[in-house]
Amino acid sequence: MGHRKIRHKVYEELEITGLSSEGLGIARVDEKVVFVEQCIPGDVVRARTFQRRKNFEKARILALTKPSIDRQAHFCKHFESCGGCKWQYLPYAKQIAFKDQIVSDAFARLAKVEVGVRLPILPAKETEFYRNKLEYTFSTNRWFTKEEIATGEDLDFRALGFHVPGQHTKVVDIDKCYLQNEFSNKLRNAVREYALEKDLVFYNIKIREGFLRNLVVRTASTGEILVILIVNEDNDALLPLMAFIKEKFPEITSLNYIINPKLNDTYFDQTPICYSGKSFIIEKLGKFSFKVRPKSFFQTNTSQGERLYDVVKNFAALQGTETLYDLYAGVGSIGLYLSDNCNKLVGIEQIDQAVEDAKENAKLNAVENADFHVGDVRLLLNADFLAKNGQPDILITDPPRGGMHPEILQTILKARVPKIVYVSCNPSTQARDIAALDEFYKVVKMQAIDMFPHTVHIENVALLELK
Ligand SMILES: C[S@@+](CC[C@H](N)C(=O)[O-])C[C@H]1O[C@@H](n2cnc3c(N)ncnc32)[C@H](O)[C@@H]1O
């Protein structure tokens, strides 16, 4: 079957007048909405469509004819090709204003949900080097800029860095990244230098061959550092490379490798081998300690993560007598953070490894009133479960971007839980879900927290009470 031909269209002068919830610029042409990547209101652009539907089109910029007065110069040299920090051409205060607008559009305009008090958005204290985890990819298919190609020099196709957005096979060779502290930059560059010098084979994603696959770096606020090198096979080069990392970076407290011979990069079903140090690091949120193992999930912005949990704690206003449910609990961090202010904590999470971590974290913090259950919230949270584990006085829910299944919302409606704290990384699905609870619940207050500066993402917390 042949490919269907898409007829692209070039717009000579598109004026961007709005911003979508995904952070795309919005232009209107006759009855049609055109979403343009990498644009902000006030820009005038020449753009070419790459997707055309009856009511909307999506386009990429060919030229920025007239930049919005809100634009500033970007600070990272990898900006044009890398997928991270896409909003760095916007001053941080403007980013916050746009994120605020995204939240208010989701509730007021799209879902038409009334909100009692909207507290001001909490901006990040650090707008650079704020991540505690990064994953780099080795590749034989390096992305080159036009300038690099124009030099006419012999180009080395090996790279260690991040995938080019929308181009799964290409990797930007990263020299300096502003997302994680300087250790991460030093380690990545030293490992690449060693690999090039020893002529180690980088992974070729097209033919699924090669030795070096990924490098994962986790830096905790306690100063502990966990590193995982992921390779395709165990060969003679592996242990000398591990020894090099160990010797050059004695500050690493947990050095691991994973042999992943599978066709995809996911290593969650593979076994990490601890080469030196401990098999985990300790991360702290407030007075609570969390064991973070190579495959554990953890909030990637520690300091904003703590502020997020403080907002949840504040909204929950626990008295000490309550049965508290923590849905989509991950490693139990929100529930544990609130555990000494409630009578009983019941957590539900579908990944069994995360539930194991949650149980271990409860022990580590001497929390004795917590129970964590493995399972899909939709299947587990039913009348029987509630009868067995106690009717919740307050329910915290922190679902993935897609939000909550309608059946779960029905269970909550039936249970008439007095208070709900809904934490979300996607205000549109959050507003949609809250609209579905409208018959019995009102939004008392809401506050957004910026966990990811220079991106369109925003975390939002809403407190719901029975009407
Ligand atoms: C946004 S994370 C929240 C994690 C945690 N609350 C925290 O603050 O670190 C969403 C979590 O929901 C889990 N999850 C996704 N779908 C689920 C489902 N249907 N049932 C149970 N857990 C689910 C994911 O594995 C993930 O750990």
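If you put +1 on each Lys and Arg Cβ and -1 on each Asp and Glu Cβ, how big is the dipole of the range 189-343 around its Cα centre, in Debye rounded to 20?
Numbers: 17 positive and 18 negative charges, 20 e Å.
In debye, rounded to 20, the range 189-343 gives about 100.
Considering amide H positions built from the backbone, and no H for Pro or chain starts, which residues 5 or more places from LEU62, or on another chain, come under 5 Å of its amide H? Correct list: ARG46, ALA47, ARG48.
Residues of the range 108-152 falling in the label zone of ALA435, defined by backbone nitrogen less than 12 Å from a point 7 Å along Cα to beta-carbon, are 108-114. Charge dipole of the chain (Cα centre as origin; +1 on each Lys and Arg Cβ, -1 on each Asp and Glu Cβ, all else neutral): 1120 debye, rounded to the nearest 20. Seen through its C-alpha gyration tensor, with square-root eigenvalues sorted a ≥ b ≥ c, the range 133-285 comes out prolate because a/c lies at 1.5 or above while a/b is bigger than b/c. In this structure the amide hydrogen of ASP173, modeled in the peptide plane, comes within under 5 Å of the amide hydrogens of TRP143, none closer than 5 places in sequence on its chain. This ranking places ILE334, ILE40, ILE273, ILE258 by how few other beta-carbon atoms lie within 10 Å of each, fewest first, which gives ILE273, ILE258, ILE40, ILE334.
Shape of the range 283-400 from its Cα gyration tensor (a ≥ b ≥ c, root eigenvalues): rounded if a/c is under 1.5, otherwise prolate when a/b > b/c, or oblate? Oblate, since a/c reaches 1.5 and b/c is not below a/b.
Sparsely packed loop sites in the range 214-275 (the GluC sites (Glu not before Pro) outside DSSP H, G, I, E and B with at most 14 other Cβ atoms within 10 Å) comprise GLU233, GLU251. In this structure, the amide hydrogen of MET451, modeled 1.01 Å from its nitrogen in the peptide plane, lies closer than 5 angstrom to those of GLU459, counting only residues at least 5 positions away or on a different chain. Each label was represented as a point 7 Å from its Cα along the Cα-to-Cβ direction; for HIS405 and ALA73 these points are 5.3 nm apart. Considering only TYR337, MET404, ALA317, and ranking their Cα positions along the charge dipole of the chain that arises from unit charges at the beta-carbon of Lys, Arg, Asp and Glu, the one farthest toward the positive end is MET404.
Candidate cross-link partners of LYS295 among the aspartates and glutamates, defined by an alpha-carbon separation under 17 Å and a same-chain spacing of 8 or more, comprise GLU135, GLU224, ASP265, ASP269, GLU283, GLU349, ASP352, GLU356, ASP357, GLU360. Couplings 3J(HN,Hα) of the range 301-308, computed from phi: 10, 4, 5, 6, x, 5, 5, 4 Hz, in residue order, whole Hz [Karplus 6.51 cos²θ - 1.76 cosθ + 1.60, θ = phi - 60°; x for Gly and Pro].
Sorting ASP357, ASP30 from the fewest to the most surrounding beta carbons within 10 angstrom yields ASP30, ASP357.
By its C-alpha gyration tensor, with a ≥ b ≥ c as the square roots of the eigenvalues, how is the chain shaped: rounded for a/c under 1.5, else prolate for a/b larger than b/c, else oblate?
Values: a/c = 1.94, a/b = 1.14, b/c = 1.71.
Oblate, since a/c reaches 1.5 and b/c is not below a/b.
Using θ = phi - 60° in the Karplus curve 6.51 cos²θ - 1.76 cosθ + 1.60, the 3J(HN,Hα) couplings for the range 451-459 round to 9, 10, x, 6, 10, 7, 5, 8, 9 Hz; x is entered for Gly and Pro. Setting aside same-chain residues fewer than 8 positions from LYS9, which lysines have a Cα under 18 Å from its Cα? Counting by Cα, and skipping residues close in sequence, LYS9 has these lysines nearby: LYS32, LYS54, LYS58. Label-to-label distance for ASP384 and ILE273 is 4.4 nm, based on points extended 7 Å past Cα in the beta-carbon direction.
Of the trypsin sites (Lys or Arg not before Pro) found in the range 2-87, those in coil by DSSP whose Cβ has at most 10 other Cβ atoms within 10 Å are ARG4, LYS5, ARG7, ARG53, LYS54.
Do any GluC sites (Glu not before Pro) in the range 8-67 lie in a loop, going by DSSP, with at most 15 other beta-carbon atoms within 10 Å of their beta carbon, and if so which? Show your work: numbers first, answer last.
Working: sites: GLU12, GLU13, GLU15, GLU22, GLU31, GLU37, GLU57; in loops: GLU22, GLU31, GLU37.
Listed in order of number, the matching sites are GLU22, GLU31.
Subtracting the Cα-Cα distance of GLU251 and LYS467 from 0.36 nm times their residue separation leaves 72.4 nm of extension gain. With R₀ set to 51 Å, the beta-carbon distance separating ALA243 from LEU110 gives a calculated FRET efficiency near 0.40. Computed over the range 1-68, relative contact order equals 31 percent, with contacts defined as Cα pairs under 8 Å that lie 6+ residues apart.
The relative contact order of the chain, computed from alpha carbon pairs under 8 Å that lie at least 6 residues apart in sequence, is 13 percent.
A straight Cα-to-Cα reach below 18 Å connects LYS344 with the lysines LYS313, LYS359, LYS363, LYS388, LYS419, residues fewer than 8 places away in its own chain not being considered. Computed from point charges on the beta carbon alone (+1 for Lys and Arg, -1 for Asp and Glu), the dipole magnitude for the range 129-261 about its Cα centre is near 480 Debye. Between the alpha-carbon centres of the range 18-52 and the range 347-374 there is a gap of 45 Å. Going by Cα centres, the range 246-303 and the range 390-467 are how many Å apart? Spelled out, the Cα-based centre of one part sits 31 Å from the other.
Ordering ASN235, LEU160, VAL171 by the projection of their Cα atoms onto the charge dipole of the chain, which places +1 on the Cβ of Lys and Arg and -1 on the Cβ of Asp and Glu, puts VAL171 at the extreme positive end. Its DSSP H runs of at least 4 residues, each contributing -39,500 (n - 2.57), put the calculated 222 nm mean residue ellipticity of the chain at -7000 deg cm²/dmol, to the nearest 500.
Segment ASP30..ALA317, full-extension length gain: 98.3 nm, with 0.36 nm per residue of separation and the alpha-carbon distance subtracted.
Across the range 161-278, C-alpha contacts under 8 Å between residues 6 or more apart give a mean separation that, scaled by the residue count, equals a relative contact order of 17 percent.
Computed from backbone phi, the HN-Hα couplings of the range 374-385 come to 8, x, 6, 3, 4, 8, 7, 7, 9, 4, 4, 4 Hz, rounded to whole numbers (Karplus: 6.51 cos²θ - 1.76 cosθ + 1.60, θ = phi - 60°; Gly and Pro given as x).
Full extension of the chain between THR222 and ASN369 gives 50.3 nm of extra length, using 0.36 nm per residue less the Cα-Cα distance. Here the label points at ARG52 and LYS442, each 7 Å from Cα along the C-beta direction, are separated by 5.0 nm in the simple model.
Only the coordinates and a few stated rules stand behind these numbers; no lab work does. Computed from a predicted structure; not experimentally measured. Don't worry about glycine lacking a Cβ; one is built from the backbone with ideal geometry, like all the others, and counts go over all protein chains shown.
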